[in-house]
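Written out below as structure tokens is the structure these notes cover.
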Amino acid sequence: LKYHSLMPPRFTKDTLKFLRALKRNNDREWFRSRKDDYEQHVRAPMIAVIEQLAKDLPRVAPELIASPKASLYRIYRDTRFSEDKAPLKTNAAAVFPWKGLARHEGAGLYFEVAPGWVWIGGGMYAPATPQLVRVREHIVDTWPEIRTITKSRAFTNRVGTLHGDRLTRVPRGFAADHPSVDFLKYRQFLAAREFPADFATKDEFYPTLLATFTAIVPLVRFLNAPLSNTQL
């Protein structure tokens, strides 16, 4: 899949330099005095990537939202219910949620640039129990579709295997002898690839981001099918 741009968006060494300094100085005053650097070296390239995805993603996943307003995570952490009171996030991250579902409901795509890595992935991170039950019922009803998706060459070449937290036993209400039991045990459905941090500065960053997202879209679509049919 080719992107609509001669020069694909990417980050710079100054992006990583800023994020690493922020990790050492996670302090509001420190950040406030360097807000211009953040805007130039972190936020601006993040928005450029998101805006490029807004052009390219609709061709492979028109059901996903890609816009700076909806996708870009704020740099400020919500510390109200966290023991970690560090005020700022030390990574730059964006999420691409499913139209018709709340931002953190269902499955979507996500990437982050951190001081030590680039993470590109998607899937379903923390489904509520009712959603998880519906996904499991969908796995049984459509078997072996999820196996076909996660064993496809496009999927395995880009992200390897499906992963996430799993139960040790088959969940209650499902037959222990059903051929889909290995998938029914998942509590999370994640597909991702991790790269060194400086990968974000390479010309191949954006084409790889788009190709990885494209490989994960069939899984995202499958997971959302039982959740979004009545809401779209």
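The values are calculated or read from the model by the stated rules, or taken from the named source; none is laboratory data. Keep in mind it's a predicted model, so treat the numbers as computed, not measured. All Cβ positions, glycine included, derive from the backbone under ideal geometry; neighbour counts span all protein chains shown. Protein only, heavy atoms only, side chains kept; ligands, DNA and RNA dropped before computing areas. Shrake-Rupley method; radii C 1.70, N 1.55, O 1.52, S 1.80 Å.
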Computed over the chain: longest principal axis from alpha-carbon atoms vs helix 44-56 long axis, angle to nearest 10 degrees, is 40 degrees
Cα extents of the chain along the principal axes, largest first, in whole Å, come to 60, 45, 32
Check: C-alpha center segment 84-162 vs C-alpha center segment 30-78, spacing in Å is 18 Å
Listed by chain and number, the aspartates and glutamates with an alpha carbon less than 17 angstrom from that of Lys202, same-chain partners under 8 positions apart left out, are Asp14, Glu112, Glu194
The chain accessible area per residue, 1.4 Å probe, protein heavy atoms, integer Å², reads 53 Å²
Protection proxy (average C-beta count within 10 Å per residue), highest first, orders 210-218, 29-37, 153-161 as 210-218, 153-161, 29-37
Listed by chain and number, the lysines with an alpha carbon less than 27 angstrom from that of Lys151, same-chain partners under 8 positions apart left out, are Lys2, Lys99, Lys185
Between the Cα axis of helix 13-24 and the main Cα principal axis of the chain, the angle (0 to 90°, nearest 10) is 80 degrees
In this structure, among Lys35/Lys55; Lys23/Lys55; Lys35/Lys85, pairs with alpha-carbon gaps over 26 Å are Lys35/Lys55; Lys23/Lys55
Helix-only [θ] at 222 nm, the chain, -39500 (n - 2.57) per DSSP H run of 4+, per residue, nearest 500, equals -11500 deg cm²/dmol
Carbon and sulfur atoms account, in whole percent of the 1.4 Å probe accessible area of segment 93-232, for 50 percent
Whole-percent carbon and sulfur contribution to the accessible surface of segment 1-73 (1.4 Å, no ligands, DNA or RNA) stands at 50 percent
